[in-house]
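Undergrad: Structure provided below as structure tokens; questions to follow.
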Amino acid sequence: MKTVKVDEEVRMIQETFIDNVNTLFPNPTLSDKDVASILGIHKETIYRMRKKGQGPPFVKIGKKVICIKQDFFDWFFSNYSKNNLERDTVGLT
């Protein structure tokens, strides 16, 4: 029974996070600046993460580098614990 309650809490936190990100960044794609803002890190950190093969998946279209928002959410939720989700969700409101 306890697992169901935790799963429900995580789902609610994820939905809140997604709603907040979609409100702040309505486009279906995110720039490096957007991702850095959401994660609370510097844009240069995103560049270093990408060079190391870390961070959210990005797509290069010509000279422009973008992140599909759904890919970002998938990456984010697979890499952040419940405690981080709670902290980051509160930070976006």
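Undergrad: Using a 1.4 Å probe on the protein heavy atoms, what percent of the accessible area of the stretch 23-72 belongs to carbon and sulfur?
TA: Accessible surface attributable to carbon and sulfur in the stretch 23-72 totals 54 percent.
Undergrad: For labels at Glu15 and Gln70 in the simple 7 Å Cα→Cβ model, what's the distance in nm?
TA: 1.9 nm
The values are calculated or read from the model by the stated rules, or taken from the named source; none is laboratory data. In this text, all values refer to a predicted model and were calculated from it rather than measured experimentally. All Cβ positions, even for glycine, are placed from backbone atoms using ideal geometry, and neighbour counts span all protein chains on display. These accessible areas exclude ligands, DNA and RNA; they are computed on the full protein's heavy atoms, side chains included. Shrake-Rupley method; radii C 1.70, N 1.55, O 1.52, S 1.80 Å.
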